[in-house]
Amino acid sequence: QNEEKWDFVLVSDIHEMGSEKEIKRKKFLDELNKKGFTIKKIEDTKLFYGVRAPQHIFWKYQCLLMNPNSRQQNSSAHQDVPVTTRIRVVHFILQNTVTSDLEKLHDLMKKKVFEAAFPLHKKEKIREILKKKWARWRVIFKEQPIEEIRCYFGEKVALYFAWLGWYTYLLIFAALAGLVTVAAGATVFSSSQVSKEICDANNTIMCPLCDQNCSFWVLSDTCTYAKVTHMIDNEATVVFAIFMAIWATVFLELWKRKRATVAANWDVYGWDEEEEELALQLINNSQHEPRLYQHSYFRSTIVLILSLLMMMVLIGIAHALVIYRAVAMALFTQSEVNLLSKHGDTVAVMTGAVLHYVTIVIMTKVNWHVALFLCDLEKPRTFSERENSFTVKIFLFQFFTNFSSLIYIAFFLGRINGHPGHYVRIAGHWRLEECHPSGCITDLFIQMAVIMVLKQTISNIMEYLIPWLSHQLRKKQKHPKKRNVILGEEEEAEDPCKRQWLNNYELNEVNVFSLFNEYLEIVIQYSFTTIFVAAFPLAPLLALINNVIEIHMDAIKMMRLCRRMVPRKAKDIGIWLQVLEAIGILAVIGNGLVIAITSDFIPVQVYKYMYSPCTRENHTSMDCSTGYINNSLSIFHVQDFEPHTKVLPEFNGIQVKKCRYRDYRNADDYSYTVQFWHIFAARLAFLILFEHVALCVKLIAAWYIPDVPQKVKNEILREKHSNLQNEL
């Protein structure tokens, strides 16, 4: 039984004898032989080499990385090394074995000498447990067996699932709060005075939405839109935004505690990645010299400049989308099709959002290559350094890809487009789009909803379907040929390893980035659920539904559709924690800006306390926001239109002299009124107040919840004490 334990399998095409590839392959396998590896060859449509490391390698590993208190024991400590450690050590040695031509496995794979190298999914008890308790749809609401995941996939993967499970669990509270906010908006605030006024305003004539052949329109046409807007844009949203800022902090603080507990249980609390890497290098080659730390300001400057350029490109793409929407709106509103011309603005926003999704998909690929290129420029010292630097870059690029057009809609849309008679134009021709008369927050709501729904449905389907299909195809390709071989040689009994190796080979390959992709996807989703959540309170609910499915999809993918990942050791989620903390701070700023700038919360409050009828006389029975709509619309004289504007002057048989538009401007010279500056000051004051309050609450929460539970601290303390006592 012990004979048939193979750590790794190398796969190669059958090369001709004496060909360059065949010689290179032989050189590599000879190097492994010199190190005492056992190699077994099985021939099928490909060549399979099973590799087993000699026991002394693991003894060395244990001696180098043993806890000092277990060093006193004699050699009886050489028990079995866990399978995950075995695979990790063998993987490292395979990757760092150098042939006489100074080539490593990585270079040989590029030259197609070897096609694949992977550890095996074996029929172990633990694998059966995982398949039953974790990698199936039936257990969707049960707790994950984190301990078993760790024993099979190593700490790094187990920590990812522990973190994802924890995040999903805490999303329940955020999702409930979001639902309550929307419900409050739909019931308590649906009958708000402001939307009532919009629905009753059937003789308020508004200025046309486009330059050519657009007629005037009546404010009450947008009645339903106004009701939807006030479902999101009300006092409850402010409370919800503060709640989410606190939630983000509490989530991270509680996760730090959970991580400390988990790390202490797994005995990796004080584990040092650098020491591990040095030990592996020395086991592989006892003459190894460590790579020293280096830092070049010149390199950093180049990388910084190139990163900024890339971000400029991403912001440029957001501008292109803005231009698309402006042009599309002009074309749609002039189109012959009645449906299009009537809902031109909505159609333009919807198609814009879909286009944005398409650019996200394309730019993700581009960002990937750019970030890798920038990493190579930096020449990181170790693998983990490279991973950290890559993480930060790809996250920044992805963030700009996903959010630049949202930032435009939230903070610039409708604020930079001038006023009737003096519009800001693209190339002097197309008018920039305006916000909807009932407020800009609905545009942001639509955009967020479309992107989140598309991103989660399409990406998830693709993420599962592609591996599943490619696995089915690989199975189809491999089988027919094998049958003939067996028919030809009936006598030869089939090697028991052959079937297992073939089955593993037919699975989809995994690489270093497999887990990284999962992290990135969830972290971007976390940004959506926190940064603009004031405009889209349902985001946490969508994220929750997505994550419950995601956990089990990833599980099924890892257990049934993909080759076994090389287990990696880790004591935390690495640099992702800093990324999440940065998002938490951005969320405070983002939500503060959404409420102060995008929503109508501030103008309504300013009106209530400074301009409404309530300030002049003491009406207790009256709603203080009465008259707000009339107050927020400025008057424009039709004779001041630009000469090339073709407007139909008649409206319902009346000659129109004046029309209204959303802004605070004087009727005679169209300069800003005093009220505009009042509101502007109130917006700034609110923003500063909101951010400081929210950040203070965050800091208090971070201080209040200790990062490491007392139990863990005491365990470590006792351990240190007993070690010193023994030494004494």
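The values are calculated or read from the model by the stated rules, or taken from the named source; none is laboratory data. None of these values were measured; they are calculated from a predicted model. Positions of Cβ are backbone-derived with ideal geometry, glycine not excepted, and every protein chain shown enters the neighbour counts. Only protein heavy atoms, including side chains, enter the accessible area calculation; ligands, DNA and RNA are left aside. Shrake-Rupley method; radii C 1.70, N 1.55, O 1.52, S 1.80 Å.
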Exercise for review: Note the full-extension length gain between residue 221 and residue 289 as 0.36 nm times their separation in residues minus their Cα-Cα distance, in nm to one decimal.
Suggested key: 16.9 nm
Practice item. Please compute the net charge surrounding residue 507, taking Lys and Arg as +1 and Asp and Glu as -1 over other residues with Cβ under 9 Å from its Cβ. Key: +2
Study note, to complete from the structure: Of 217, 266, 677, ordered by accessible area with the largest first and a 1.4 Å probe, the sequence is 677, 217, 266
Check your understanding: For q = 0.13, 0.31 Å⁻¹, what log10 I(q)/I(0) does the stretch 113-166 give under the Debye formula with an equal point scatterer on each alpha carbon and no solvent?
Key -> -0.38, -1.28
Point to revise | Accessible area of residue 295 in the full protein assembly, 1.4 Å probe (Å², nearest 10) | key: 130
Exercise for review: Filter the chymotrypsin sites (Phe, Trp or Tyr not before Pro) in the stretch 102-201 down to the DSSP loop ones having no more than 15 other Cβ atoms within 10 Å, then list what survives.
Suggested key: 141
Practice item. First select every other residue whose beta carbon is under 14 angstrom from the beta carbon of residue 440; then total the charges, Lys and Arg +1, Asp and Glu -1. Key: -3
**Study point:** Diffusion coefficient, µm² s⁻¹, Stokes-Einstein with Kirkwood Rh over alpha-carbon pairs of the stretch 8-120 at 4 °C and 1.567 mPa s
**Key:** 84
**Study point:** Most positive-pole-ward Cα, 54, 113, 18, against dipole of the stretch 8-120 from beta carbon charges
**Key:** 54
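Work out which GluC sites (Glu not before Pro) in the chain are exposed loop sites (DSSP not H, G, I, E or B, at most 15 other Cβ within 10 Å) and give the longest gap free of them.
144-335
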Exercise for review: Quote the accessible area belonging to residue 9 in square angstrom, nearest 10, computed with a 1.4 Å probe and with ligands, DNA and RNA left uncounted.
Suggested key: 0
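Two decimals, Cα atoms only, Kirkwood Rh: what is Rg/Rh over the stretch 288-447?
On the Cα set of the stretch 288-447, Rg over Rh gives 1.15.
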Exercise for review: For every helix of n ≥ 4 consecutive DSSP H residues, a contribution of -39,500 (n - 2.57) applies; sum these over the chain, divide by its total residues, and give [θ] at 222 nm rounded to the nearest 500 deg cm²/dmol.
Suggested key: -20500 deg cm²/dmol
Point to revise | Heavy-atom surface of the stretch 259-336, accessible at 1.4 Å and reported per residue (Å²) | key: 62
Point to revise | Over the chain - Rg/Rh using Cα atoms and the Kirkwood inverse-distance radius | key: 1.06
**Study point:** Solvent-accessible surface (1.4 angstrom probe) belonging to residue 614, in square angstrom, nearest 10
**Key:** 30
Point to revise | Calculated FRET value between residue 585 and residue 14, using beta carbons and R₀ = 51 Å, to 0.05 | key: 0.35
Review point. If 616, 136 are ordered by their accessible area, calculated over protein heavy atoms with a 1.4 Å probe, which sequence runs from highest to lowest?
Key: 616, 136
Study note, to complete from the structure: FRET efficiency for residue 469 and residue 169 from the Cβ-Cβ distance with R0 = 56 Å, rounded to 0.05, comes out at 0.95
Review point. Does anything in the stretch 352-377 have its amide N under 19 Å from the 7 Å Cα→Cβ label point of residue 511, and if so which residues?
Key: 361-377
Revision key, fill the gap. Once both label points are put 7 Å beyond Cα along the C-beta direction, the residue 676-residue 460 separation in nm becomes 4.6
Check your understanding: Any idea how far the Cα center of the stretch 155-204 sits from the one of the stretch 650-674, in Å?
Key -> 36
Revision key, fill the gap. Residue 647 neighbourhood, Cβ < 14 Å, K/R = +1, D/E = -1, net charge 0
Study note, to complete from the structure: Rg (one decimal) and Dmax (whole number) from the Cα set of the stretch 623-698, in Å, equal 18.6, 59
